[in-house]
Amino acid sequence: MTLSREELARVSAGAGRLAVPSRGRLVAGRFLRSGQGRSGAALLALVFLLAFAGPLAGRWSHTDKDFLAFLQPPSALHWFGTLQTGADVYAVTLRGLQRSLVVGLLAAVLSTVLAALVGAFAGYFLGWTERTLMWVTDLLLVLPAFLILAVMSPLFSSGQWPLFVAMLALFLWMVTSKIVRGMTISLREREFVQAARFMGVPPVTIIFRHILPNLSSLLVVDATLNVSAAILTETSLSYFGFGIQPPDVSLGTLIADGTRTATYAPWTFWFAAGLLIVTVLAVNLIGDSLRDALDPERPG
Amino acid sequence: MMAGFLLRRLINYVVLIAVATSLAYLLAAGTLDPRSNYQERNPRPPESVVDARLDDLNLNDKSPLFTRYLTWAAGVVRGDFGETVTGDSVNDDLRRRAGVTLRLMLTGLAVGSVTGVLVGACAAVRQYGVLDRVTTGLSFAVLAIPTVVLANMLVIGATWFNDLVGAKVLLVSGEVTPGLTGGWLARLLDRAQHLVLPTISLSLALAAVYSRYQRNLMLDVLGADFVRTAMAKGLRRRTALVKHALRTAVIPAVTYFAFTFGTLLVGTTFTEKIFGWHGLGEQLIDSIFTNDVNTVAAISCVAAFAVLVAALAADALHAALDPRVRAG
């Protein structure tokens with residue numbers, strides 16, 4: 001006996017209505033109920049709003065120089081004051097914030113994808129695949145990331161920042177991929193994976209359909225915490241002149257310039273430094289509450 | 001069996017260091033441009049002279065990369081990392097600087113880990129107490145401050161503090177005051193004044209990480225049966241907590257040390273550069289600016305070696321603290 005299409009649709013719709021709240025909703029509920037998660041999300045939303053909508057409100061662009069105001073304190077004309085070059089601190093800081101946010105987000109997502117793929121393939125196939133992949137992982141762990149990225153910095157000049165993002169991601173994924181590998185090794189012995197294997201599902205499909213979805217909580221948390229790690233690495237590299245290159249600005253280059261004038265012109269340093277700290281703080285708060293919300297052993 | 005396992009592991013480590021260092025050398029030799037150091041000189045030296053000088057240093061970009069690599073590798077196998085762009089021995093330079101870095105790093109590591117473990121343990125004993133809440137908030141704040149910003153905040157703070165007291169109490173540049181006269185007491189005080197801020201800059205983040213980690217470990221252990229038994233057999237609460245709970249909870253933290261070591265190296269680099277300590281970290285950044293290929297490769301080698309030694313040290317400490325590992 002077969003169900004007609006309409007009946008099938010009705011049954012599945014009914015099942016959806018009766019079902020317990022989905023995992024996504026459960027996690028979102030837990031996340032939003034924690035004060036930490038709420039304040040982190042609100043802070044990050046504010047930072048994003050400031051970075052991408054803020055420049056529209058200001059009257060200067062980040063390339064403008066006001067030759068009538070060098071190193072002036074904050075005023076109605078220049079909300080965050082001006083630099084020694086006459087550039088508007090509000091405009092350049094928001095531009096740097098934009099750059100740091102984009103670089104941080106992209107690098108974090110990229111490195112988590114890399115960690116998931118390498119870890120899952122190593123853990124599922126074992127044997128030579130595992131040995132080779134884990135050896136590469138160890139090698140990258142042993143290479144001093146900051147030094148390698150700094151040496152490569154001449155390649156990032158003149159608008160090559162996507163390459164910078166890729167290189168940043170290349171040095172962020174190793175520890176997570178080791179965790180993913182361990183979890184994959186135990187997952188591949190579970191009944192649902194074995195069932196799929198005996199039904200003849202190809203290994204790559206098993207990895208994408210059964211293994212990785214089961215590791216999604218770990219990967220979500222990892223991606224979030226990688227955002228702050230990527231932003232910190234990017235700003236540190238840029239601080240020493242190895243990251244985002246002029247004429248482009250990042251929070252790191254601004255902080256580096258600001259430290260020279262910080263004692264007598266505090267606005268050149270503290271706005272950029274403060275925004276950087278707030279951004280990283282917000283991302284860390286979100287990551288920490290996500291970890292709690294995704295913990296399957298937690299009741300409610 | 002055990003010896004074979006150790007030997008395989010050791011060989012793997014040596015291969016890892018060799019490949020990592022070679023990669024760093026090839027990358028540095030391929031991207032850095034030592035020739036440009038001579039082009040800004042006035043009067044500009046003739047090209048033949050520059051070529052001869054670069055050939056001496058094995059830095060000439062006109063000879064093929066692979067030939068330069070072989071010359072360099074042959075030296076490294078004999079334990080010689082070549083010469084810096086100014087013609088000094090890289091070995092001597094790094095040996096002199098290694099002591100500075102080691103002093104800074106060990107002080108930072110000791111202060112940071114001990115503070116972190118103690119704070120975390122105390123916070124766990126009174127969970128949700130005042131100390132627990134304050135340290136949780138503080139560690140979140142500290143972890144959001146990048147080392148480069150923190151170090152600069154400390155420098156700005158020290159300038160302000162010195163102005164306030166009207167004396168140079170906190171010193172922000174170098175390891176010692178050059179040409180200082182006076183007895184050993186004055187010299188010790190001078191060193192301490194230089195050491196305070198870099199140590200804070202290095203150990204604060206470490207303490208924050210360890211306190212979070214140690215708090216969670218301690219909470220898991222506090223409810224365990226063996227701690228209750230220790231108290232039930234008549235030990236004082238303090239003795240039971242320190243000898244039974246803390247000792248057990250410290251073991252995973254020691255293993256965690258291997259993971260934080262890389263961060264510590266980077267933190268040391270920034271701290272040295274900003275506080276003007278002439279250590280390996282400062283040289284790492286300077287060597288890239290001066291296109292010093294051989295020094296870059298040598299520092300990569302030292303860093304790779306240090307990371308693996310840290311991993312080994314974590315294993316050894318783990319064995320020393322956990323009787324199960326020793327027996328197995």
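When chain A is treated as a GNM, springs tying every alpha-carbon pair under 10 Å, which of A:L68, A:L49, A:L212 comes out with the largest mean-square fluctuation?
Answer for the Gaussian network model of chain A: A:L68.
What length, rounded to one decimal in nm, is gained on full extension from B:R9 through to B:D163, with 0.36 nm per residue of separation minus their alpha-carbon distance?
49.9 nm
Inside 10 Å of the C-beta atoms of B:138-145, what's the mean count of C-beta atoms belonging to other chains?
4
For the protein assembly as shown, what is the mean residue ellipticity at 222 nm derived from helices alone (per DSSP H run of n ≥ 4: -39500 (n - 2.57); sum divided by total residues; nearest 500 deg cm²/dmol)?
Counting only the DSSP helices, I get -24500 deg cm²/dmol.
With labels modelled as points extended 7 Å from the Cα through the Cβ direction, what inter-label distance (nm, one decimal) is found for B:Q127 paired with A:R131?
Spacing of the two 7 Å Cα→Cβ label points: 4.5 nm.
Once R0 is set to 60 Å, what does the formula 1/(1 + (r/R0)^6) return for the Cβ-Cβ distance between A:F70 and B:D225, expressed as a FRET efficiency to the nearest 0.05?
Taking R0 as 60 Å, the efficiency between A:F70 and B:D225 is 0.30.
Say the dipole of segment A:40-140 comes from +1 at the beta carbon of Lys and Arg and -1 at that of Asp and Glu; which of A:L46, A:L133, A:A116 then lies farthest toward its positive end?
In segment A:40-140, that residue is A:L46.
What size of dipole, in debye to the nearest 20, comes out for chain B about its Cα centre when the only charges are +1 on Lys and Arg C-beta atoms and -1 on Asp and Glu C-beta atoms?
In debye, rounded to 20, chain B gives about 1920.
State to the nearest 20 debye the size of the charge dipole of the protein assembly as shown about its Cα centre, where the only charges are +1 on K and R beta carbons and -1 on D and E beta carbons.
2480
To the nearest Å, what is the center-to-center distance of segment A:63-136 and segment A:176-253, using C-alpha atoms only?
Here the two parts' Cα centres lie 18 Å apart.
So, R0 is 56 Å and r is the distance between the beta-carbons of A:R25 and B:V49; what FRET efficiency does that work out to, to 0.05?
E(calc), rounded to 0.05, equals 0.15.
Under 10 Å, Cα contacts only: if you run a Gaussian network model on chain A, which one of A:S100, A:S186, A:S39 comes out with the highest mean-square fluctuation?
A:S186
Among A:N214, A:N226, A:N284, which one shows the biggest mean-square fluctuation in a GNM of chain A, springs joining Cα atoms closer than 10 Å?
A:N214
Could you pull out which residues in segment B:48-63 have an amide N less than 17 Å from a spot 7 Å beyond the Cα of B:D92, following the Cα-Cβ vector?
Under cut-off, by backbone N: B:57.
To make sure I understand the rule: partners must be lysines, Cα under 27 Å from the Cα of B:K243, and not fewer than 8 residues away in the same chain. Which ones qualify?
Qualifying lysines at Cα under 27 Å: B:K233.
Loop-only trypsin sites (Lys or Arg not before Pro) in segment B:226-328, please: DSSP not H, G, I, E or B, and at most 13 other Cβ atoms within 10 Å.
Passing both the DSSP loop test and the Cβ count: B:K233, B:R236.
Once you list every other residue whose beta carbon is under 13 Å from the beta carbon of A:A169, what net charge do they have if Lys and Arg are +1 and Asp and Glu are -1?
For residues surrounding A:A169, the net value is -2.
If you take the square roots of the eigenvalues of the alpha-carbon gyration tensor of segment A:86-197 and sort them as a ≥ b ≥ c, do you get rounded (a/c under 1.5), prolate (a/b over b/c) or oblate?
Since a/c reaches 1.5 and a/b is larger than b/c, the shape of segment A:86-197 is classed as prolate.
Assuming a ≥ b ≥ c are the square roots of the Cα gyration tensor eigenvalues, decide whether the protein assembly as shown counts as rounded (a/c under 1.5), prolate (otherwise, with a/b larger than b/c) or oblate.
Note, shape of the protein assembly as shown comes out rounded.
Values in this text are rule-based calculations from the coordinates and carry no lab data. Everything quoted here is computed from the prediction, not taken from an experiment. Here the Cβ is made from the backbone with ideal geometry for all residues, glycine too, and neighbour counts use every protein chain on show.
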